[in-house]
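Here the structure is laid out as structure tokens; the discussion comes afterwards.
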Amino acid sequence: MEIDEIRKYLPHRYPFLLVDRVVEISLGESIVAYKNLSINESFFNGHFPEKPVFPGVLLLEAMAQAAGILGFKTQDKTPADGSMYYFVGADNLRFKRPCVPGDRVMLRASIVSDRRGIWKFDVSSDVDGELAASATILCADR
């Protein structure tokens, strides 16, 4: 999926759309996407000016957005249909390496369960095969 199709499945827009491309998706199972980090992104101005680092909370959000695309596509729904995924929790969140300008951050998510509109995903991110972060997240479909 390229950015035009991604925008159909995520309600986020600049500067909060954090998925640049989907490279692999298996409906009902998993997704692989990525975010290219550019020094021109506004958050690098303050986090941190002398040694820019992609904020961990945004890395978690990027992984959640990839999971959201997987959930929407699996259900064949879009925000335009009135469906919205809300990020409602994270367990076992671990950050293993900083992500910096120039990195291509691979975003991975797999469905663990879906019960009464609460989706559980295992998510992770990596740069050049090196784990950056991982978590189990919950999203509510409303």
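The values are calculated or read from the model by the stated rules, or taken from the named source; none is laboratory data. Here the structure is a predicted model, which means the values were calculated and not measured. Using ideal geometry, Cβ is built from the backbone for each residue, glycine included, and neighbour counts are taken over all protein chains shown. These area figures cover heavy atoms from the full protein model, side chains too; ligands, DNA and RNA do not enter into them. Shrake-Rupley method; radii C 1.70, N 1.55, O 1.52, S 1.80 Å.
Whether any residue in region 68-83 is of a type outside the set (Phe, Trp, Tyr), open to solvent by 80 Å² or more (accessible area, probe 1.4 Å) and part of a helix (DSSP H, G or I) is what I want to check. Can you show your working first?
Here is the first cut: in region 68-83, the ones of a type outside the set (Phe, Trp, Tyr) are 68-71, 73-83.
Subset that is open to solvent by 80 Å² or more (accessible area, probe 1.4 Å): 76, 80-81.
Going one step further and asking which of them are part of a helix (DSSP H, G or I), we end up with 80-81.
Yes, some residue in region 68-83 is of a type outside the set (Phe, Trp, Tyr), open to solvent by 80 Å² or more (accessible area, probe 1.4 Å) and part of a helix (DSSP H, G or I).
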Q. Which of (1) out of contact with any strand residue (DSSP E or B) (no Cβ under 7 Å at 6 or more places or on another chain); (2) surrounded by 13 or more Cβ atoms within 10 Å (Cβ to Cβ); (3) closer than 22 Å to residue 5 by Cβ does residue 101 not meet, given it meets every other one?
A. (3)
Q. If you go through region 84-106 one residue at a time, do you hit one that is farther than 20 Å from residue 24 by Cβ, at pLDDT below 95 and not in a strand (DSSP E or B)?
A. yes
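Could you grab me the full set of residues in region 47-67 that are open to solvent by less than 60 Å² (accessible area, probe 1.4 Å) and either of a type in the set (Lys, Arg) or modelled with pLDDT under 95 (or both)? Break it down stepwise before answering.
Restricting attention to region 47-67, the residues satisfying the condition of being open to solvent by less than 60 Å² (accessible area, probe 1.4 Å) are 47, 52-56, 58-67.
Residue satisfying the conditions is 47 alone.
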Q) Taking region 1-39 as the search range and keeping residues that are touching a strand residue (DSSP E or B) at 6+ places or on another chain (Cβ under 6 Å), outside any loop (DSSP other than H, G, I, E, B) and of a type in the set (A, V, I, L, M, F, W, C), which one is most open to solvent (accessible area, probe 1.4 Å)? A) 23
(Q) Quick check on my filter: what residues within region 128-142 are buried (at least 20 other Cβ atoms within 10 Å of the Cβ) and either at pLDDT below 95 or out of contact with any Leu (no Cβ under 7 Å at 6 or more places or on another chain) (or both)? (A) 137, 139
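Name every residue in region 104-131 that is closer than 26 Å to residue 7 by Cβ and of a type in the set (Gly, Ala, Ser), in order of residue number.
109, 110, 117, 124, 125, listed by residue number.
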